[in-house]
Amino acid sequence: MTGHLLTIEEYAALGGAGFTELVEGRLVTSPGSGRRHDVAVCLLAGQLERQLPRGLAFVVRNDLDLCLAPRGEPGFARRPDLLIVGRAATTRGDGLFRADEVLLVAEVVAPDSKRTDYQVKHDEYADAGIPHYWIVDIAEPVSLVACRAGPSGYRDAPAVTGTFTADVPFPVVLDLNALLG
């Protein structure tokens, strides 16, 4: 398969590619994120789980079809740290979530993913039409940048430290310092 660019269907047929993502048809390996990062993802999920409105669910590290390429063309799939989707999307059971099923994507920044999370994924998620993107940076002080879809990409709020409070896309209060365990 040397030089062959994968479609989203071919990527999905790999059946849980593990620590990989699909970028313009190229299978790329996601680097290991480390224990501190993984703990922060779990603690963020725990705080969110208690506050999610009925009808929404969180999913940790699942493949997401960004739907940025026509079917049959080289595709794009990411594996975000955390997704917020409608509960109905979790019962489909056919592998990849689709961008139009996602309300929010959250990425916890690892030392080797800073540029990817702040720039590359920021633009891809906006292009995919995902309404909300949170960038959680666990370098001290822990911060969260809430990005919200606008007419031409995301509008980024200033980074928040300490306690993050929002009414959109749902009411939530997060203790960011608690993400360090």
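Quick note: the coordinates plus some simple rules give every number you see, no bench work behind them. Just so it is clear, the structure is predicted and the values come from calculations on it, not from any experiment. In this analysis, Cβ positions are derived from the backbone assuming ideal geometry, glycine residues included, and neighbour counts consider all displayed protein chains.
Please determine, in degrees from 0 to 90 and to the nearest 10, the orientation of helix 35-49 with respect to the longest principal axis defined by the Cα atoms of the chain, where the helix direction is its Cα long axis.
Tilt relative to the chain: about 70 degrees.
Please state the relative contact order of segment 1-116 as a whole percent: Cα pairs under 8 Å, 6+ residues apart?
Once divided by the residue count of segment 1-116, the mean separation gives 28 percent.
So what is Rg over Rh here for the chain, counting just Cα atoms and using Kirkwood for Rh?
Result: Rg/Rh = 0.95.
Using a cut-off of under 20 Å, list every residue of segment 87-121 whose amide N is near the label point 7 Å from the Cα of GLU73 along the Cα-to-beta-carbon line.
Those under the cut-off are 98-101, 121.
Could you tell me the largest-minus-smallest coordinate of the C-alpha atoms of segment 103-181 on each of the three principal axes, in descending order and whole angstroms?
Between the extreme Cα coordinates on each principal axis of segment 103-181 lie 35, 31, 18 Å.
If amide hydrogens are placed 1.01 Å from N in the peptide plane, which non-local residues have theirs closer than 5 Å to the one on THR7?
Amide H to amide H, under 5 Å and 5 or more residues apart or across chains, THR7 pairs with GLY75.
In deg cm²/dmol, rounded to 500, what helix-only [θ] at 222 nm does the chain give when every DSSP H run of at least 4 residues adds -39500 (n - 2.57) and the total is split over its residues?
Rounded to the nearest 500, it is -4500 deg cm²/dmol.
In terms of modelled amide H atoms, which long-range or inter-chain residues lie less than 5 Å from the amide H of LEU82?
Answer set, sorted by chain and number: ARG61, ALA106.
Give the residue list of trypsin sites (Lys or Arg not before Pro) in segment 13-111 that are DSSP loop and have at most 13 other beta-carbon atoms within 10 angstrom.
ARG50, ARG54, ARG71, ARG92
Using the alpha-carbon centroid of each, what span in Å lies between segment 33-93 and segment 136-159?
About 17 Å separates the Cα centre of segment 33-93 from the one of segment 136-159.
Binning at 10 Å from 0, report for segment 20-104 what percent of all alpha-carbon pair distances ends up in each bin.
P(r) for segment 20-104, in whole percents per bin: 16, 43, 33, 8.
Apply the Karplus parameterisation 6.51 cos²θ - 1.76 cosθ + 1.60, with θ equal to phi minus 60°, to every residue of segment 78-83 and state each ³J(HN,Hα) to the nearest whole Hz, in sequence, with x for glycine and proline.
10, 10, x, 5, 8, 10
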